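The values are calculated or read from the model by the stated rules, or taken from the named source; none is laboratory data. Because the structure is a prediction, the values reported are computed rather than measured. Note: ideal-geometry Cβ built from the backbone for every residue, glycine included; neighbour counts use all protein chains shown. Please note that ligands, DNA and RNA were not included when accessible areas were found on the heavy atoms of the full protein model with its side chains. Shrake-Rupley method; radii C 1.70, N 1.55, O 1.52, S 1.80 Å.
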Amino acid sequence: MNISNTVKITPELVAEHGLKPDEYERILKLIGREPSITELGIFSAMWNEHCSYKSSKVHLKTLPVTGPIVIQGPGENAGVIDIGDGLACVFKMESHNHPSFIEPYQGATTGVGGILRDVFTMGARPIACLNALRFGSPDHPRTRHLVSGVVAGIGGYGNSFGVPTVAGSVGFHSRYDGNILVNAMAVGIADADKIFYAKATGVGLPVVYLGSKTGRDGIHGATMASAEFGEGAEEKRPTVQVGDPFAEKLLLEACLEIMAKDCVVAIQDMGAAGLTCSAVEMGAKGDLGITLDLEKVPVREEAMTAYEMMLSESQERMLMVLKPGKEAEAEAIFKKWGLDFAIVGYTTDTLRFLIRHNGEEMADLPIKELGDQAPEYNRPFTESPKLPVLDAASVPAPTSLGDALGKLVGSPDLCSKRWVWEQYDHLILNNTVQRPGGDAAVVRVQDGPKALALCTDVTPRYCEADPFEGGKQAVAECWRNLTAVGSTPLAITDNLNFGNPERPEIMGQFVGCIRGIKEACLALNFPVVSGNVSLYNETQGRGILPTPTIGGVGLLKNFEQSATLAFKASGEAILLIGETRGHLGQSAYLATLFGREEGAPPPVDLTAEKRHGDFVRDLIAKGRVTAVHDCSDGGLLVALAEMAMASGIGAKLEAAPSGLPAHAFWFGEDQARYVLTVPAAAAPEIESAAKAAGIPALRLGVTAGEQLTLPGENPISVAELKQRHESWLPDYMAGNG
């Protein structure tokens, strides 16, 4: 066997591949010799954090991943849940953080492309995209450039591919100055009995390369995504892939057609680590070997080496194992769509991953051990210290409630993100029932009446202050947002963004958030069916805020019964469901008005969340409420302002209950709360029903006029609030902010 080459493996070369000395010793012991440069590259791809989850796997195993509706949990390209009537929802979220910081347009573009492939690889037609974005301080010199590039990249790919981008979130904080977050989520629909998986079966079957040609873009992309940034991050630009949404659209149609023709045994997206990861996963899952002949791989650059072909992350590519005798039929389909089709290898019974190039063996490795024997670390961690509960009396009152409200709704985090989502086509396919800007998007399933509710949520400052409560809150808020539009929350995907797990305090944040997510998912019957972990989000030793983004899916039996947050008419009663204690620790009020991020975040009572959410959902289903909005960032008065700004209708509000400072009542961020409007005549009956169920319900006032009026305060013009709310981001992006 001749797999030697002229490149000498040195400790420096091993380190450049992201492998630690003890991990390299593990490789030597596993294969019994020094690896070739191609083999070293393969190990670096398969054993990096992005592909192996070596620092997180032990904790991810604790998450609830099963349930009556779960068809496929974590471990495949995407999660799959049963939504009834023979249909399944396929969805997942992934990060493209490091590439998007280096080259924001292409980084975001290929993040969207990658997550779309994860969904249609399973046999689903994508129906919606979402995202969750975090940028540095608006004052940072790169922030405006990064926002512009990322938003343009997301819109450029999704719009061209032809799938609506229907929901998301955007936040700013100095902790993301050197490491932004770009989390992309895709959702698709498939026949529940026609889901396709990566597990290869059968010996001697053709392994087929599909899609676009292989180039040198993206080499070491997965390894780069598992390293923190230092000086010279711009030098990593060659590891950022380049996307082509039009080629991906062709790939989608070809893949769905070839699946419908019953040609496919197994299929895997060529995502992180490209040809290496896709081939290894298909073979290892099926207890088979794979032999590849790289001279058959379609390439778009000359003199590509085996090393480059195996590690390239060129986009819009798939690997497939075909059924015997289906080669000609499958090739005709792909040629019809103008895509490359090449038989590049075969399945074997050897359990070896054999790579040949022009007749020379470039790699010969045990295929299962490439994945199964990857290092798995139970890293030491220290729990985040508990912060004291902040006494509301210690937080200054504002000059006026109206002044504070104006500053909040016009702040970077709470301002309207219309400038962002108007760059996305959120109406294409004609199934978007609720557009961006509400609690959750609502997208019709086929011709209806069934619909899916979709959202992404996380409050990073809560997770920093108390990872356990922050993890719980991220899930609970997602559950509330799905509930607020009238859907039954079904399942989540997650994108766990953290700093360097080798630092015990960062690992402690990760463990704490996982424990919180687990507890919330169990209490709310809200399983995790897919996800992604993004670690080493640091620049020169400064980590991001812990950001475990939660993407949720809910089901509406009839999209026409979905609720919206806009006030509908004057003269309606405004009710608050849930208890208000005026919790100002880690609040947007404290951070925005006083620059303080202090105290414990609000505690999350999951029993109350479940009880209150079920009550609100029942009211929506029975058509007894006219508007619904959950309370989150900024508290009660911000929620009311958002409802007013969405409609132009104001409200006459009553005084805060005695015993609480007014600013704590109106801006506290207590959880498990919803604001409802109901016809005035129906309010007493609903209040009685809440009381009978042991649910706090408080009459806040009545919708009226074009101002928000509070006792002892000057009236607050809804139009002026809306102007402040809508203007910050466009002004900032125009260079005026």
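Each peptide in 166-175, 599-608 was scored by the mean count of other Cβ atoms within 10 Å over its residues; highest first, the order is 166-175, 599-608. Using a probe of 1.4 angstrom and keeping all protein chains present, the accessible surface of region 99-160 works out to 21 square angstrom per residue.
Stretching E257 away from D372 to a fully extended chain increases their span by 38.1 nm, per 0.36 nm per residue minus the current alpha-carbon distance. The dipole here belongs to region 97-154: it is taken about the Cα centre, uses +1 on the Cβ of Lys and Arg and -1 on the Cβ of Asp and Glu, and is about 80 debye. Computed about the Cα centre, the dipole magnitude for the chain is approximately 1060 debye when only Lys and Arg (+1) and Asp and Glu (-1) carry charge, each at its Cβ. Residues whose amide H comes within less than 5 Å of that of T165, counting only those at least five positions distant or on another chain, are C129, D425, H426 (H built at 1.01 Å from N in the peptide plane). Carbon-plus-sulfur accessible fraction, the chain (probe radius 1.4 Å, protein heavy atoms only): 51%. Taking the three principal axes of the alpha carbon atoms in the chain, the coordinate ranges are 86, 50, 45 Å, sorted in descending order. Take region 482-544 with all the other protein chains still there, run a 1.4 Å probe, and you get 23 Å² of accessible area per residue. Counting only lysines at least 8 places from K296 when in the same chain, those with an alpha carbon closer than 17 Å to its own are K213, K335. Candidates P35, H98, N77 compared by Cα position along the dipole of region 33-112: farthest toward the positive end lies P35, with charges placed on Cβ. Seen from every direction in turn and averaged, the convex hull around the alpha carbons of region 558-712 projects onto 9.5 nm². Here region 528-611 was treated as a single set of alpha-carbon atoms; its pair distances binned every 5 Å from 0 give 3, 8, 9, 13, 17, 19, 15, 9, 5, 2, 1, 0 percent.
Lys/Arg Cβ at +1, Asp/Glu Cβ at -1, dipole of the chain taken about the Cα centre: which of G437, V163, G286 is farthest positive-ward? Farthest towards the positive end: G437. Note on region 287-332: Cα convex hull, mean projected area over all directions, 4.7 nm².
Return the subset of K20/K472; K57/K386; K92/K417; K450/K610 for which the Cα-Cα distance in this structure is over 28 Å, preserving the input order. Beyond 28 Å between Cα atoms: K20/K472. Here region 623-737 is assigned +1 on the Cβ of each Lys and Arg and -1 on the Cβ of each Asp and Glu. Its dipole about the Cα centre then comes out at about 300 debye.
Ranking V240, L556, P546 by how far each Cα lies toward the positive end of the dipole of the chain (charges on Cβ) leaves L556 at the top.
Using only the Cα atoms of region 416-490, build the gyration tensor, take square roots of its eigenvalues as a ≥ b ≥ c, and label the shape rounded, prolate or oblate: rounded if a/c is under 1.5, else prolate if a/b is larger than b/c, else oblate. Oblate, because a/c is 1.5 or more while a/b does not exceed b/c.
Past the 17 angstrom mark, what percentage of all C-alpha to C-alpha distances in region 81-153 do you count? Percentage above 17 Å: 50. Looking at region 258-342, the accessible area is 32 square angstrom per residue; that uses a 1.4 Å probe and ignores ligands, DNA and RNA.
Measuring from centroid to centroid over Cα atoms, what is the spacing of region 365-424 and region 606-661 in Å? Result: 22 Å between the Cα centres. A simple rule links phi to the HN-Hα coupling: the Karplus curve 6.51 cos²θ - 1.76 cosθ + 1.60 with θ = phi - 60°, which for region 521-526 gives 5, 5, 5, 9, 6, 9 Hz, with x for Gly and Pro. For I189, the amide hydrogen comes within under 5 Å of the amide hydrogens of V90, R125, I127, counting only partners 5 or more places away or on other chains and with H modelled in the peptide plane.
Principal axis extents of the Cα atoms in region 642-697, from largest to smallest and rounded to whole angstrom, are 31, 30, 20. Helices in the chain, meaning DSSP H runs of at least 4 residues, each add -39500 (n - 2.57). Divided by all residues, the mean residue ellipticity at 222 nm is -10500 deg cm²/dmol. Computed on the Cα atoms alone, the convex hull of region 385-541 gives a volume of 180 cubic angstrom per residue. Note that region 41-54 has calculated 3J(HN,Hα) couplings of x, 5, 4, 5, 6, 6, 9, 6, 4, 5, 9, 9, 6, 5 Hz, one per residue in order, obtained from phi through the Karplus relation 6.51 cos²θ - 1.76 cosθ + 1.60 (θ = phi - 60°); glycine and proline are x. Normalised by the number of residues in the chain, the mean separation of alpha-carbon contacts (under 8 Å, six or more apart) gives a relative contact order of 15 percent. Using a/c under 1.5 as the rounded threshold, could you call region 1-146 rounded, prolate or oblate? The axes a ≥ b ≥ c are square roots of the C-alpha gyration tensor eigenvalues, and prolate needs a/b larger than b/c, oblate otherwise. Verdict is oblate for region 1-146. Packing order of peptides 412-420, 263-271, highest average first: 263-271, 412-420 (average count of other Cβ atoms within 10 Å over each peptide's residues).
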